[in-house]
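Here the structure is laid out as structure tokens; the discussion comes afterwards.
The values are calculated or read from the model by the stated rules, or taken from the named source; none is laboratory data. Just so it is clear, the structure is predicted and the values come from calculations on it, not from any experiment. For neighbour counting, all protein chains shown are included, and Cβ atoms are generated from backbone atoms with ideal geometry for every residue, glycine included. All accessible areas refer to the heavy atoms of the entire protein, side chains included, with ligands and DNA or RNA removed. Shrake-Rupley method; radii C 1.70, N 1.55, O 1.52, S 1.80 Å.
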Amino acid sequence: MTGLEHKSAPDAPGHRLPRIALMGEFSAGKSTLANLMIGAEYLPVQVVATQLPPVWITRGDAAPVLVGLDGSETPCDLSRPQDIPLEDTAYIRVCRDEEILKHCDIIDLPGISDPNMAADVWERMLPLADGVVWCSPATQAWRQSEAAVWEAVSSDKYAHSILLLTRGDMLVRDRDRERVLRRVRSETRDLFAETLMVSLVLARDCGDDEEMWEQSGAEPFVTRFLDIVETLKEVVASRGETDSGTVLPVASPEEDRVLPDNAPAKRVPGPVADGTVMPRRPVARGRRGAGTPRPLAEDEDEQSFAPKFS
Ligand SMILES: Nc1nc2c(ncn2[C@@H]2O[C@H](COP(=O)(O)OP(=O)(O)OP(=O)(O)O)[C@@H](O)[C@H]2O)c(=O)[nH]1
Ligand SMILES: [Mg+2]
């Protein structure tokens with residue numbers, strides 16, 4: 001085991017925040033989604049695989065640092081991803097002062113089957129995540145390679161995870177979108193809390209256009225995501241887990257391989273069937289889409305969280 005100190009939200013008292021990992025094959029849209037969530041074109045998004053180490057996004061305003069496997073921290077320039085070493089790097093810590101980061105940390109993981117990226121780069125981070133948003137392009141959704149990795153992931157994450165079919169805009173006809181969703185939902189019934197389809201580029205580019213936001217499919221995703229985060233807050237609190245000053249274990253690949261040789265496929269009871277997920281619907285406020293969120297009206301709850309993908 002390697003001990004790594006993760007300074008998540010330095011001023012957050014009490015329990016640590018839930019951590020949501022973004023997973024999927026390379027170019028599935030993980031970083032596009034992360035950027036939507038944190039309201040910036042911040043993480044590199046590319047047509048080819050980015051080859052970036054995991055990026056742990058947490059609330060704050062500190063400059064990005066490279067956290068080494070030995071716990072060392074060095075400044076890191078995200079605008080030059082090609083200069084960021086993969087070897088000996090556990091993750092990049094990025095701090096942003098964004099509303100969503102008051103509720104959870106987001107870990108943007110490298111693609112699972114990137115031929116140029118050793119699996120242990122993301123495998124060692126996975127035990128630290130409480131839930132996952134698995135991105136899979138709608139045009140070739142839920143391939144066998146994805147299913148094989150997910151079925152080897154610890155099943156306690158399944159009830160707190162969403163399968164997000166990205167690139168919904170590439171399927172032009174409603175009929176095709178429905179057909180893909182139906183197929184994937186039937187194949188993954190017990191493996192995710194929800195399977196949804198979105199167009200991340202529509203959501204990203206919609207500006208103030210409510211209709212485009214609606215069309216992007218992002219709204220149901222945001223709502224479900226927040227449900228899961230709320231549930232996870234209770235799970236984390238019930239375990240009494242804090243992270244200020246605690247050392248988070250980062251499993252070595254030998255000890256915690258997601259894909260051991262001849263890994264048996266795992267199946268668990270679905271989250272709906274066994275009633276373990278009790279979502280609490282958040283109160284939505286604020287403008288949808290890109291732009292600055294409007295200030296709170298007097299009668300609005302400051303604790304409520306705007307599904308701000310801006
Ligand atoms: N048309 C369309 N393109 C998308 C969508 N989501 C992502 N893309 C594009 O897909 C490409 C890859 O997106 P990324 O967000 O970099 O994918 P990633 O999963 O982070 O990729 P790696 O980090 O390399 O594994 C970019 O050119 C995005 O603009 C979508 O919903 N629709
Ligand atoms: Mg990426």
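Its Cα centre serving as origin, the range 102-257 has a Cβ charge dipole (Lys and Arg +1, Asp and Glu -1) of approximately 560 debye. So how far, in whole Å, is the C-alpha centre of the range 35-101 from the one of the range 163-198? That distance is 29 Å. Rolling a 1.4 angstrom probe over the range 2-250 with all protein chains present gives an accessible area of which 49% lies on carbon and sulfur atoms.
Hey, what's the range 108-232 come to in accessible area per residue, 1.4 Å probe, Å²?
I get 39 Å² per residue for this part.
A full extension of the chain between ASP176 and GLU241 corresponds to an added length of 19.0 nm, given 0.36 nm per residue minus the alpha carbon distance.
Which shape class, rounded, prolate or oblate, goes with the range 24-134 when its Cα gyration tensor gives a ≥ b ≥ c as root eigenvalues, a/c under 1.5 marks rounded, and past that a/b bigger than b/c marks prolate? Here the range 24-134 falls in the rounded category.
Between ASP88 and GLU73, the modelled labels are 1.9 nm apart [label points 7 Å from Cα along Cα→Cβ].
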